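*Asks:* Pasting a structure here, questions to come.
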Amino acid sequence: MLTIITPGTSTALTTLARAKAILGFGSADDAAATVLIGQASRVIAEHCRRPFGLATYRETFSERECGEDGPLLSRGPVVEVIAVRSIGATFDPAEYRVSESGRLQRVELDGRVVPWWGSFLTVDYRAGYVLPQDGANAPTSTLPDTVERAAIMIVATYLSLRGRDPTVKSESNDGLGQTSWWVPGAGDSLPSPEAEQLLVPFVRYWP
């Protein structure tokens with residue numbers, strides 16, 4: 001069972017200023033772009049089946065879920081493990097570690113991984129990325145550049161759809177040439193093929 005203790009302060013995967021610097025739209029589009037950044041961020045979170053903003057969680061695992069290699073934490077990347085408890089006992093931080101795959105492993109002093117004991121394991125931890133923010137005192141973003149670029153590419157696609165029928169694949173003007181647009185197919189999950197490719201490493205299939 002997963003519970004959010006402290007939610008992230010933002011879900012936006014880019015900012016208006018950063019998107020504008022890449023896409024070069026004018027101030028007249030600021031209001032629309034701000035809305036579209038929020039929409040693009042939600043689309044990416046749903047596509048990847050995960051939130052990206054830094055938050056604090058409490059997750060409880062049964063003995064079966066712990067397994068030999070330890071339980072797989074549902075959120076990542078793990079920034080800090082705050083506390084690990086089992087049947088009222090709190091483990092010392094030296095008794096566990098988080099593997100590269102996101103499993104919370106119990107370890108001996110010699111580094112050996114050993115099974116967890118107890119019926120339930122409760123883990124409090126912080127996971128996620130510091131999302132982009134504007135301002136001189138803004139914290140440094142830890143969000144991978146590829147995720148932010150995917151958000152900006154989706155915003156660009158949304159902006160380009162304004163003022164035309166999105167179902168039209170091409171237009172022909174006598175003597176002036178022909179224009180064709182990319183239209184998502186049945187196998188496409190996102191409105192931008194570049195964004196979909198960039199996000200492949202961040203899609204979570206379980207849990």
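*Asks:* Within segment 54-128, considering only strands (runs of 3 or more DSSP E) that don't extend past its boundaries, which have at least 2 residues that are of a type in the set (A, V, I, L, M, F, W, C), open to solvent by 60 Å² or more (accessible area, probe 1.4 Å) and touching a strand residue (DSSP E or B) at 6+ places or on another chain (Cβ under 9 Å)?
*Replies:* Of the strands (runs of 3 or more DSSP E) lying wholly inside segment 54-128, those with at least 2 residues that are of a type in the set (A, V, I, L, M, F, W, C), open to solvent by 60 Å² or more (accessible area, probe 1.4 Å) and touching a strand residue (DSSP E or B) at 6+ places or on another chain (Cβ under 9 Å) span 78-86.
*Asks:* Another question, then. Among the residues that make up segment 197-206, is at least one of them of a type in the set (A, V, I, L, M, F, W, C), closer than 27 Å to residue 2 by Cα, open to solvent by 60 Å² or more (accessible area, probe 1.4 Å) and at pLDDT below 75?
*Replies:* yes
*Asks:* Just to be sure I understand, how many residues within segment 1-42 are more than 30 Å from residue 123 (Cβ to Cβ), part of a loop (DSSP other than H, G, I, E, B) and within 17 Å of the chain's Cα centre (by Cα)? Don't jump to the end; show me each part of the working.
*Replies:* Taking segment 1-42 and keeping what is more than 30 Å from residue 123 (Cβ to Cβ), we get 14-40.
Filter again for part of a loop (DSSP other than H, G, I, E, B), leaving 14-15, 24-26.
With within 17 Å of the chain's Cα centre (by Cα) added as a condition, the list becomes 14-15.
Looking only at that region, the number is 2.
*Asks:* Condition first: aliphatic (A, V, I, L, M) and open to solvent by 40 Å² or more (accessible area, probe 1.4 Å). Now tell me which residues in segment 24-42 satisfy that.
*Replies:* Hits for segment 24-42 are 28, 31, 35.
*Asks:* Condition check: at pLDDT below 95 and of a type in the set (Ser, Thr, Tyr). Does residue 41 satisfy that? Quick ask: steps written out before the conclusion?
*Replies:* Details: at pLDDT below 95: no; of a type in the set (Ser, Thr, Tyr): yes.
No; evaluated as a whole, the condition is false for this residue.
*Asks:* Residue 145 is checked against (1) within 18 Å of residue 197 (Cβ to Cβ); (2) out of contact with any helix residue (DSSP H, G or I) (no Cβ under 7 Å at 6 or more places or on another chain); (3) crowded, with 16+ Cβ neighbours inside 10 Å; (4) not aromatic (Phe, Trp, Tyr) and fails just one. What number does that condition carry?
*Replies:* (3)
The values are calculated or read from the model by the stated rules, or taken from the named source; none is laboratory data. Please read these numbers as outputs of a predicted model, since none were measured by experiment. When we count neighbours, we look across all protein chains shown, and the Cβ atoms used for this are built from the backbone with ideal geometry, even at glycine. These accessible areas exclude ligands, DNA and RNA; they are computed on the full protein's heavy atoms, side chains included. Shrake-Rupley method; radii C 1.70, N 1.55, O 1.52, S 1.80 Å.
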